[in-house]
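A short reminder: the numbers here are calculations on the coordinates, not readings from a lab. Just so it is clear, the model here is predicted, and its values are computed rather than measured. Ideal geometry is used to build each Cβ from the backbone, glycine not excepted, and the neighbour counts take in all protein chains shown.
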Amino acid sequence: MSDLNERLNKILPRITSDEFLSGSGIGNEIAFYIFDYAPEDELKVRDYLRTMLEHIPKQKPDLQVKHIDLFTFVLDYLKSRNLLDKALQMQKEKGDEALKKALLGPMHESKISAVFAQAVSPQDHDLVIVSGVGSVWPLLRSHTLLNNLQPVMGKTPLVIFYPGRYDGQSLRLFGKIKSNNYYRAFKLVP
């Protein structure tokens, strides 16, 4: 628990630093960062995230930050396509696998990444923060979203709060579900 607290306390100074926001020290790499944590710490991390988002304007008033909760984002997306009620009914009647199969087209990474890019408008923000990764799995997988966001995020740093493990080579959601290799992100804090 104290290890998590120490790591959480390093986030705000890091993401508000000029070096971080300008991408100093990452060469030509994309500015994607992952803060991984034990899934059982989800509620603590959510509380921290709320507090952090309240403190950013106090610490750095001119910083334009966009926070996206992927769960809310997906619900809003499905509502906008008039699919949410149909999806809920399908899940109730036919189960999770049928729903997952039916949403393959609308939830395709290329479609979702385009809507995501429009929602965050990276050109208008200095920093994008993403949470809710575990809540949308398996409908939306973080490594595929990240792969599809590379061309649209430009130099805007993106920080993902990830309930699992990231070892610099692969993501392991909930510490168990192995994703395809993803090595284009940096650990936000060790």
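Annotations
- Charge dipole (the chain, unit charges on Cβ, about Cα centre) - positive-most of V159, F186, V133: V133
- Order of E109, E93 - criterion: other Cβ atoms within 10 Å of each residue's Cβ, fewest first: E93, E109
- Residues of type aspartates and glutamates that K94 reaches as a straight line, Cα spacing below 19 Å, ignoring anything fewer than 8 places off in the same chain: D85
- Convex hull volume per residue for the chain, taking Cα atoms only, in Å³: 123 Å³
- Here D76, D3, D126 are placed in order of increasing Cβ neighbour count within 10 Å, fewest first, which gives D3, D76, D126.
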